[in-house]
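The values are calculated or read from the model by the stated rules, or taken from the named source; none is laboratory data. The structure displayed is predicted, hence computed values, not measured ones. FYI the Cβ positions are ideal-geometry reconstructions off the backbone, even for glycines, and counts take in every protein chain you see.
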C-alpha cells in the first residue's frame, strides 16, 4: 500500500558492524498476525538470513511493527513491536507513510513519537529510487 524511502542508519545493538538500510512498508493482508510473522521468517530464510549473534550483522530483518491498532502479546509475537518507539530508524521512515498513525499503547502519533526521540542514529535518507 505504501513504502518509505531508504534510510542509512547506525547499527543498533552491536556497534561494531556496518551501517544498516531501513525502510517501512505498509501492506494489506488476510493473514493473521502469527501467519504474517511466519511468512516473514520464511522470506528471510529464502533471502539467505542465517540466525547468528543477537543484534549482530544480518542480511535481512523483517519485523511487524504494527498490525492496525491491535495489541498482541503472545509467545514469540508482541505487537506493537516492543522497541519501535525507541528507534528513529523505525519512526523516521514510518513518519513518511503514516505520520498520523496513533500507537495503540502510547496514544501518540508516529510524528509525536519521532519528535520525542529525535533522529539519533540516522545517518541519511537515500534518495535513489529502488524498484519494488
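Things worth noting here:
- Among residues that are surrounded by 13 or more Cβ atoms within 10 Å (Cβ to Cβ) and under 21 Å from residue 126 (Cα atoms), residue 93 is included.
- A count restricted to the stretch 27-72 and to residues that are loosely packed, with under 10 Cβ neighbours inside 10 Å, within 30 Å of residue 102 (Cβ to Cβ) and modelled with pLDDT under 95 stands at 0.
- The residues in the stretch 1-26 that are loosely packed, with under 12 Cβ neighbours inside 10 Å and either under 12 Å from the mean Cα position of the chain (by Cα) or modelled with pLDDT of 85 or more (or both) can be counted, and the count is 2.
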